[in-house]
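Asker: Quick one: the structure is below, questions incoming.
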Amino acid sequence: MSTWTEPDVFYAQLAAFHATTAALITEAGTGRILLVKPVYKDAWAWPGGYLDAGEYPHDGCTREVAEELGLKISPGQLLLVDFALPAGKRQRALINMLFDCGELPADTPIRLREDELSTWAFLTEDEAAERLPAAERHRVAAAVRARRTGLTTYLPGLPPGL
């Protein structure tokens, strides 16, 4: 026999998490991956960021790429879903969704949001993996594979400290 729980009590007990989106953007003809260098941390990152309250993930990805790079993109297929337990000052779990945001010609003008980003680059898979934080390096090969196969991939979180 189950016990009835008031909806406000039930919902208050559910896990809460943060959600982010990221964009796989590659250089046309070379397949090199676009990464950005945030001003507030040592490692490089995928273009993207945290969702705003009430924002759908594909809309958040579009907004973040426009804000960070000055590019109008339409996210395509969801390539990766990644999960991370709370860590450091982040007290909630994190769900990251990486979308296929297509290819850009090498001469596409990119306007960085200078209060957030210092530079950007198209990088080979190996170079991209080297520049990302250790806990995110596995996303590079998985994203490229997901784009190639058309299959969305779930990446379980890595152990804390990686």
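Asker: Return the calculated 222 nm mean residue ellipticity for the chain, to the nearest 500 deg cm²/dmol, obtained by summing -39500 (n - 2.57) across DSSP H runs with n ≥ 4 and dividing by the residue count. Don't skip to the answer; put the middle values down first.
Answerer: Working: 4 runs with 39 residues, N = 162.
About -7000 deg cm²/dmol.
Asker: Give me the one-decimal nm value for the distance between modelled label points at R113 and E125, 7 Å along each residue's Cα-to-Cβ direction.
Answerer: Here the answer is 3.0 nm between the modelled labels.
Asker: What percent antiparallel are the DSSP beta bridges of the range 53-162, to the nearest 5?
Answerer: Roughly 70 percent of the DSSP beta bridges within the range 53-162 come out antiparallel.
Asker: Whole Å is fine, so just give me how far the alpha carbon centre of the range 39-56 lies from that of the range 2-38.
Answerer: 10
Asker: Return the sequence-ordered ³J(HN,Hα) values of the range 46-57 in whole Hz as given by the Karplus equation 6.51 cos²θ - 1.76 cosθ + 1.60 applied to θ = phi - 60°, using x for Gly and Pro.
Answerer: 6, x, x, x, 6, 6, 7, 4, x, 9, 6, x
Asker: Between L151 and Y50, what length in nm is gained on full extension when 0.36 nm per residue of separation is reduced by their alpha carbon distance?
Answerer: Computed gain between L151 and Y50 is 34.0 nm.
Asker: In addition: May I ask you to evaluate 6.51 cos²θ - 1.76 cosθ + 1.60, the Karplus curve with θ = phi - 60°, for each residue of the range 69-86 and list the ³J(HN,Hα) values in order in whole Hz, giving x for glycine and proline?
Answerer: Per residue, the Karplus-derived 3J(HN,Hα) values read 10, x, 10, 9, 10, 10, x, x, 4, 6, 8, 9, 10, 10, 10, 9, 5, x Hz.
Asker: Measure nothing but the geometry: give the 0 to 90° angle between the long axis through the Cα atoms of 138-149 and the longest principal axis through the Cα atoms of the chain, rounded to 10°.
Answerer: The two axes meet at around 80 degrees.
Asker: Normalise the Debye intensity by I(0) for the range 16-155, one equal point scatterer per Cα, no solvent, then take log10 at q = 0.11, 0.19, 0.22 Å⁻¹ and round to two decimals.
Answerer: -0.36, -1.19, -1.67
Asker: Separate question: Compute the label zone of R63 within the range 82-104: residues whose backbone N is under 17 Å from the point 7 Å along Cα-to-Cβ.
Answerer: From the range 82-104, the list is 95-99.
Asker: If the label point is 7 Å along Cα→Cβ of V81, which residues in the range 26-65 have backbone nitrogen under 13 Å from it?
Answerer: So the set is 57.
Asker: Name the long-range amide H neighbours of T20: under 5 Å, sequence gap of 5 or more, or other chain; modelled H, no Pro or chain starts.
Answerer: L51, I95, N96, M97
FYI, it's all coordinate maths here, none of it is from the lab. Keep in mind that what you see is a predicted model, and the values were worked out from it rather than measured. Positions of Cβ are generated from backbone atoms using ideal geometry, with glycine treated the same way; all protein chains shown enter the neighbour counts.
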